[in-house]
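K.L.:
Here it is, the structure in full.
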Amino acid sequence: MVVDAAALAERSRELEGRPPEEILAFALAEYAPRVAISTAFGVEGCALVDMAVRLDAGVKVFTVDTGYLFAETYELVRRLEQRYGITVERFSGSVSREQQEGTLGERLWERDAERCCALRKVEPTVRAVRGLDAWIAGLRRDQGPSRAGIGILERHDHDDGTPLVKVNPLACWTRADTWRYVVANGVPYSPLLDQGYKSIGCWPCTRPVADGEDERAGRWAGTANAGGECGIHTLSARK
Ligand code: SF4
């Protein structure tokens with residue numbers, strides 16, 4: 001199992017430009033059974049699930065349910081589960097949405113989005129990846145500046161210092177590549193993507209984007225973290 005940072009970097013270079021299915025096949029074989037896909041059900045995650053199920057009908061898929069997801073996202077999860085015969089594992093914050101609103105007040109995202117993301121997204125993600133050797137996600141380099149430098153394989157660490165390999169099979173793909181795959185294969189996707197949304201997160205912090213805008217510009221728009229990250233994909237990355 002490749003976890004050593006130097007060996008990973010070399011393998012990552014070898015996989016540059018290779019089809020996502022090949023990268024997925026490598027990850028599922030190399031890190032089975034302690035490997036899973038995480039998705040928030042943007043178009044990338046839907047494509048990844050489709051590809052992965054073809055390789056391994058029992059592939060593990062998980063999502064983080066912040067309690068503030070769009071109704072369309074919950075419905076899409078149901079459609080994907082039905083279509084692919086999978087059960088998406090849901091992880092929620094150990095502090096419930098109701099507890100958070102009771103102690104920290106409603107609409108925390110307006111006052112302290114970092115705290116809200118830490119409670120609703122990052123904490124459950126840390127729990128979700130515990131016990132995994134590899135974590136597959138649908139990040140692409142062309143999604144914006146915060147993702148331009150991602151590797152195909154990255155070395156991260158768990159809280160206890162044990163290795164966690166992050167796998168980004170779509171890193172080299174463009175948005176157009178992803179849509180071509182989804183349309184060609186009839187993959188279910190969120191109706192929000194037909195309404196101007198290009199990246200989908202929590203409803204309070206996501207808006208549609210205009211033509212020409214960065215595709216993550218609708219995330220935390222109007223805040224200091226506009227177009228940025230919630231902390232999930234940067235947690236425990238080795239520098
Ligand atoms: S994206 Fe917004 S609502 Fe969702 S966890 Fe982060 S701050 Fe809270």
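No lab work stands behind these numbers, since they all come straight from the coordinates. Source: prediction; values computed, not measured. Cβ: placed from backbone, ideal geometry, glycine included. Neighbour counts: every protein chain shown.
K.L.:
Only bridges with both residues in the chain count here: give the DSSP antiparallel percent, nearest 5.
P.N.:
Of those bridges, close to 40 percent are antiparallel.
K.L.:
Take 183, 88 and order them by how many other Cβ atoms sit within 10 Å, fewest up front.
P.N.:
183, 88
K.L.:
Tell me which residues come under 5 Å, amide H to amide H, from residue 136 once H is placed; ignore anything under 5 positions away on its chain.
P.N.:
36, 37, 38, 167
K.L.:
What number, rounded to the nearest 500 deg cm²/dmol, is the helix-based mean residue ellipticity at 222 nm of the chain, given -39500 (n - 2.57) per DSSP H run of at least four residues and division by all its residues? If you can, show how the numbers build up before the last one.
P.N.:
Working: 9 runs with 84 residues, N = 239.
Taking each H run of at least 4 residues, the total per residue is -10000 deg cm²/dmol.
K.L.:
How large is the Rg to Rh ratio of region 30-181 when both quantities use alpha carbon positions and Rh follows Kirkwood?
P.N.:
In region 30-181, Rg relative to Rh is 0.97.
K.L.:
For a quick protection proxy, order the peptides 191-198, 169-176, 64-71 by their average other-Cβ count within 10 Å, most packed first.
P.N.:
Answer by packing, highest mean first, reads 169-176, 64-71, 191-198.
K.L.:
Follow-up. From the phi of every residue in region 204-211, what ³J(HN,Hα) in whole Hz does the Karplus formula 6.51 cos²θ - 1.76 cosθ + 1.60 yield, where θ is phi - 60° and glycine or proline is x?
P.N.:
x, 10, 9, 9, x, 10, 8, 4
K.L.:
Still on this structure: If you stretched the chain out fully between residue 18 and residue 1, how much longer would it get, using 0.36 nm times the residue separation minus the C-alpha to C-alpha distance?
P.N.:
4.1 nm
K.L.:
Then there's this: For residue 150, what is the net charge nearby, where nearby means another residue's Cβ is under 9 Å from its Cβ and Lys, Arg count +1, Asp, Glu -1?
P.N.:
+3
K.L.:
Let me ask another. From the phi angles alone, apply the Karplus equation (6.51, -1.76, 1.60; θ = phi - 60°) to region 157-174 and give each ³J(HN,Hα) in whole Hz, x where the residue is Gly or Pro.
P.N.:
Working through the residues one at a time gives 10, 6, 3, 8, x, 6, x, 9, 8, 9, 10, 10, x, 9, 3, 8, 7, 9 Hz.
K.L.:
Would you give the gap between the C-alpha center of region 154-229 and the C-alpha center of region 109-133, rounded to a whole Å?
P.N.:
First find each Cα centre; the distance between them is then 17 Å.
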